[in-house]
Structures are given as structure tokens and as C-alpha cells.
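Peer 1: Following this message is one structure expressed as C-alpha cells.
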Amino acid sequence: MNLQYGKLYWNTTLNKVPAYPTLQSDIQCDVLIIGGGSSGAQSAYYLWDNGLDVVLIDKGKVGYGSTSSNTALIQYSGDKMFFELINSFGEDTSTRHLKLCSQAMDEIEKVCGALDIFPDFTRRDSLYYASYDEDVAKLQKEYKYLQKHGFDVDYLTQEEIKKRYPFEKQAALYSKNDAELNPYKFTVGLIEKASNKGIRVFEETQVKGKKVEKDYTLFHTKNGSTIKARFVIVAAGYECQEFKDDKNVVFVSSYAAVTNPVEDLSSWYKGTLIWETARPYIYMRTTTDNRIIIGGLDENTINPEKRDVMLTHKKDLLIHEFNKLFPNINVHPEFYLTAFYGGTHDGMPLIGIYDEFPNWYFLMGYGDNGMVYSMVLAKIIAQLITAGSDSNVDIYLQDRPLLKK
């Protein structure tokens, strides 16, 4: 799958990157994790102290798939508003989901503090503003439900927004203690830690065939070696769909620009994460070296050629949209990319458990909060493997029911 195109930023932020061998012999393990991106790394984290023999493989280099184009806004709120999830899944299920996401953010912070490669984790508040007058009522409804269930969020009026920012919007939600990080450093650092904990890691090791039995799966790799595994976690990001196509998954193409370093960001209140109610939406964040990441402007195409040809126009448009909010900040795009972006039709990430793949778990943290979702799902899958059950898996299974209308 042609995941992304452009001039990538994250890979330039880390000079000394650990390297891992290519698998050259036949091996066995308790758990095989397929994918060396953030979701594979997070799966490894929840398994490295459970006494299991775990192997992680990637067909390329660690962190070079979708992780390298992840803009890494760490939030519990997602594409679908809380009240919209409630309309689809009910209040109890939707509240459990948001609480799990909030807990996952704390876990990500804990992990970041234990890594030898610090991934620039920084707590940030979020501003979620009404793009149109008709969206104000949606924000009011969202605020009511978030307040009811104890989330730390304020409702800002037009005047209150104007006091903090150099732009005017009718209304906004101001959420406390979201975060941002460097997803490449996070993934590389987490896999390095997993390797030090005894997990075997192999790069340039691609599966080309498999024999699925009741109690194990035998994989054949492209270079002729085999892997026999009792359990399998497919944490291959959007390429999970190459193993098993799930009808709930939908792909679009998204765009992002990373600017030059900016000397003065004093007009950007507390460096908040910023996004909006419009769909598709624009979002933005800062980096530790004072660059600005602006993303969005999604297109409903999964054709790489159509996606890529729009990149030049989209990066300029992203800068234009940023300057509408911050006209006093002079920026230009030094890095820019377009990438496939996966979500689900119903707005929830997925754990795929299919009859034709016994003891396989498909980790599909699809959506705008992919790193947070992956942390939630990785913990659940680890619990399924080590304990045989988890009280929250029902939320994320691919055959979860929607409420009857």
C-alpha cells in the first residue's frame, strides 16, 4: 500500500536510530506482532513483562509506515462528538470509551517518561471551535455530556475566545490536559525498550504466506524463513486490511504541512491544540522546535496518484487557513505530506477477531486519535492473550451492535 508521499518531518528529528536484523532462521514464539509502527510498539509494551516469548516484525524499518506521517495530537475526543457516539452506542458504552481514552493518555505519558529516547511528550489544552453558526448548538450539547461525566472542559463564548486568541469564533470547547508528542521518537524508543526487555525484533522481514491452524499459525517470510506463533497481533496500521478487509473501515486522503521554526508564538494561547467542527476539518499544533503542524483538508480518494497531485495546492491552502487565524505569524511550509487516513463508518476503532483466523487479533486504531486508540486496544488485546477475557472488548469488536433507531 502506498501510504504517504512528500517531504517528511519526523524522521529528521532523530539521528541515532537503533537497527534490528532481518530474520534469517526458522523460529517459534508465543506471540507474533506484525507491524513496527506505534500500534505494534504499544502492543509490545503490554506484553513485555508477562513471561511470554514475543516477536515483533516489520517489512521495512521501524517507525517508517503510517507512524512517520502521524501528526500526534493526543486527545480523548474524536471525529465523532461524544453526543453522536451516544446516539449510536448508548451513553454507558460511549462514556466507557472516552474514559478509556483518557486513561490511555495517562499511560502514554507514563511510557514516555520511561524511555531512553524521550518523545517530546507535552501536556496541552485543546480548543475545539465552531466553524459555523449552526455548530454552536452542537458544542453546547457536547459540553453538557462532557460535564455530566466529569471531563475537564470549559465552554468559551465569543468574547472569551477573543480575549485569548487573535481570531474570533462564535463558541468553542476548551479541554484541559490533552497532549502532543513526536510519534517517530515514541515508536523507536518504545521498540528499543521492548528489545531491551527481551522481545525479539526483526526489520526487513515480510510475511508472504501463512498456514492457519487451530492452535498455531505458521508464517513464511519473503526471505525463506518461518515463524510459528500461538497468537498473532496484526498491528500493521492501515495495511491490516491486506490481511483482512473489514467493511466498517473507510479510507480518505489527508494533508499536512510543517512550517519553519517560529521565533515568537506568544499570540498562541498556551500552545493549545486547535481544531474545528467543520468536516473535513483543519487542525494545528506546535513542536518542540517551534514549528507549526497544520493538517486536514481531507479528500475522498484512495487513488495515490490523485492524492499526490493535489499536495502542492493543499500545502499552500493549509498555510492560508493558518494565516486566517494567526495573521501575525509568518510561516512557510518546510515539510509537507499527503497520506492515507483510515477511520470507521461508526466512529469507533476496531479489534478484529475472525473465525477464519483463530488466536489472531487485528488492532485497528483507526480515527484521528490513532495513538490513543491503539493504546486502548493494545491493552485489551494483551489482556485477552494473557487472561482470556477483558471487560471492555465488547466496545471495540468488529460485530458490535448499533442502537436501534
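Peer 1: Can you name the strands (runs of 3 or more DSSP E) wholly within segment 218-337 that have at least 2 residues being over 19 Å from the mean Cα position of the chain (by Cα) and crowded, with 16+ Cβ neighbours inside 10 Å?
Peer 2: Because the criterion is at least 2 residues that are over 19 Å from the mean Cα position of the chain (by Cα) and crowded, with 16+ Cβ neighbours inside 10 Å, the strands (runs of 3 or more DSSP E) in segment 218-337 that meet it are 226-234.
Peer 1: Within segment 1-58, can you find the residues that are small (Gly, Ala, Ser) and in contact (Cβ under 8 Å) with a residue 12 or more places away in the chain?
Peer 2: Within segment 1-58, GLY6, ALA19, SER25, GLY35, GLY36, GLY37, SER38, SER39, GLY40, ALA41, SER43, ALA44 qualify.
Peer 1: Only one of these conditions is not met by ASP92: (1) in contact (Cβ under 8 Å) with a residue 24 or more places away in the chain; (2) more than 28 Å from PRO280 (Cβ to Cβ); (3) surrounded by fewer than 24 Cβ atoms within 10 Å (Cβ to Cβ). Which number is it?
Peer 2: For ASP92, the failing item is (1).
Peer 1: Here is a follow-up. Does segment 369-403 hold any residues that are surrounded by fewer than 23 Cβ atoms within 10 Å (Cβ to Cβ), outside any helix (DSSP H, G or I) and not small (Gly, Ala, Ser), and which are they?
Peer 2: Answer for segment 369-403, where residues must be surrounded by fewer than 23 Cβ atoms within 10 Å (Cβ to Cβ), outside any helix (DSSP H, G or I) and not small (Gly, Ala, Ser): ASP390, ASN392, LEU397, GLN398, ASP399, ARG400, PRO401, LEU402, LEU403.
Peer 1: To continue, here is another question. Just one of the numbered conditions (1) free of Cβ contacts under 8 Å to residues at least 40 places away in the same chain; (2) more than 20 Å from SER374 (Cβ to Cβ); (3) small (Gly, Ala, Ser) is not true of GLY113; which one?
Peer 2: The one condition GLY113 does not meet is (2).
Peer 1: Which of the residues belonging to segment 47-71 are surrounded by 20 or more Cβ atoms within 10 Å (Cβ to Cβ) and out of contact with any Gly (no Cβ under 9 Å at 6 or more places or on another chain)?
Peer 2: Passing the criteria: LEU47, VAL55.
Peer 1: Now a separate question. State the number of residues belonging to segment 305-342 that are in contact with a Pro (Cβ under 9 Å, 6 or more places away or on another chain) and under 30 Å from PRO401 (Cα atoms).
Peer 2: Count: 1.
Peer 1: Which of the residues belonging to segment 67-91 are among the acidic types (Asp, Glu), touching a helix residue (DSSP H, G or I) at 6+ places or on another chain (Cβ under 9 Å) and under 17 Å from THR344 (Cα atoms)?
Peer 2: So in segment 67-91, the residues among the acidic types (Asp, Glu) come out as 79, 84, 91.
Of the ones still in play, those that are also touching a helix residue (DSSP H, G or I) at 6+ places or on another chain (Cβ under 9 Å) are 84, 91.
Hit for segment 67-91 is GLU84, nothing else.
Peer 1: While we're looking at this one, here's another question. Could you check segment 160-200 and list, in sequence order, the residues that are closer than 20 Å to THR277 by Cα, of a type in the set (Ser, Thr, Tyr) and not in a strand (DSSP E or B)?
Peer 2: Answer for segment 160-200, where residues must be closer than 20 Å to THR277 by Cα, of a type in the set (Ser, Thr, Tyr) and not in a strand (DSSP E or B): just TYR165.
Peer 1: Moving to a separate point now. Residues of segment 20-60 being over 19 Å from PRO183 (Cβ atoms), outside any strand (DSSP E or B) and among the aliphatic types (A, V, I, L, M), which ones?
Peer 2: Of everything in segment 20-60, those that are over 19 Å from PRO183 (Cβ atoms), outside any strand (DSSP E or B) and among the aliphatic types (A, V, I, L, M) turn out to be LEU23, LEU47, LEU52.
Peer 1: Here's another thing I want to ask about it. Could you please let me know if VAL153 is within 30 Å of CYS112 (Cβ to Cβ), in contact with a strand residue (DSSP E or B) (Cβ under 7 Å, 6 or more places away or on another chain) and without any contact (Cβ under 8 Å) to a residue 24 or more places away in the chain?
Peer 2: It is true that VAL153 is within 30 Å of CYS112 (Cβ to Cβ), in contact with a strand residue (DSSP E or B) (Cβ under 7 Å, 6 or more places away or on another chain) and without any contact (Cβ under 8 Å) to a residue 24 or more places away in the chain.
Peer 1: Hey, another quick one. For segment 95-138, which residues satisfy the criterion of being surrounded by fewer than 15 Cβ atoms within 10 Å (Cβ to Cβ) and of a type in the set (D, E, K, R)?
Peer 2: Selection gives ASP106, LYS110, ASP116, ARG123, ASP133, GLU134.
Peer 1: Being under 30 Å from GLU299 (Cα atoms), out of contact with any helix residue (DSSP H, G or I) (no Cβ under 7 Å at 6 or more places or on another chain) and not aromatic (Phe, Trp, Tyr): is that true of LYS16 here?
Peer 2: no
Peer 1: Against the definition (assigned to a helix (DSSP H, G or I) and within 16 Å of the chain's Cα centre (by Cα)), how does SER88 come out, yes or no? Talk me through it step by step, then tell me what you get.
Peer 2: Details: assigned to a helix (DSSP H, G or I): yes; within 16 Å of the chain's Cα centre (by Cα): no.
No, not satisfied.
Peer 1: I've got another one for you. Could you please find all residues in segment 8-29 being surrounded by fewer than 14 Cβ atoms within 10 Å (Cβ to Cβ) and more than 14 Å from TYR64 (Cβ to Cβ)?
Peer 2: Once the filter is applied, which keeps residues that are surrounded by fewer than 14 Cβ atoms within 10 Å (Cβ to Cβ) and more than 14 Å from TYR64 (Cβ to Cβ), segment 8-29 yields ASN15, LYS16, PRO21, GLN24, SER25, ASP26.
Peer 1: Looking at the structure I just gave you, is PHE83 touching a His at 6+ places or on another chain (Cβ under 8 Å), closer than 30 Å to LYS138 by Cα and aromatic (Phe, Trp, Tyr)?
Peer 2: In short, no.
Peer 1: Let me ask something else about it. Assess whether SER94 counts as being modelled with pLDDT under 95 and among the hydroxyl-bearing types (Ser, Thr, Tyr).
Peer 2: No: the conditions fail for SER94.
Peer 1: A further question follows. I'm trying to understand the selection: among the residues of segment 66-77, which are farther than 18 Å from LYS144 by Cβ and part of a loop (DSSP other than H, G, I, E, B)?
Peer 2: Across segment 66-77, the qualifying residues are ASN70, THR71, ALA72, GLN75.
Peer 1: Mind checking which residues of segment 175-198 are buried (at least 21 other Cβ atoms within 10 Å of the Cβ), over 18 Å from ASN369 (Cβ atoms) and not basic (Lys, Arg)?
Peer 2: VAL188, GLY189, ILE191, ALA194, listed by residue number.
The values are calculated or read from the model by the stated rules, or taken from the named source; none is laboratory data. Predicted model, so just to flag it, every value in this text is computed and none were measured. A quick note on method: Cβ atoms are made from the backbone with ideal geometry, for glycine too, and the neighbour counts reach across all protein chains shown.
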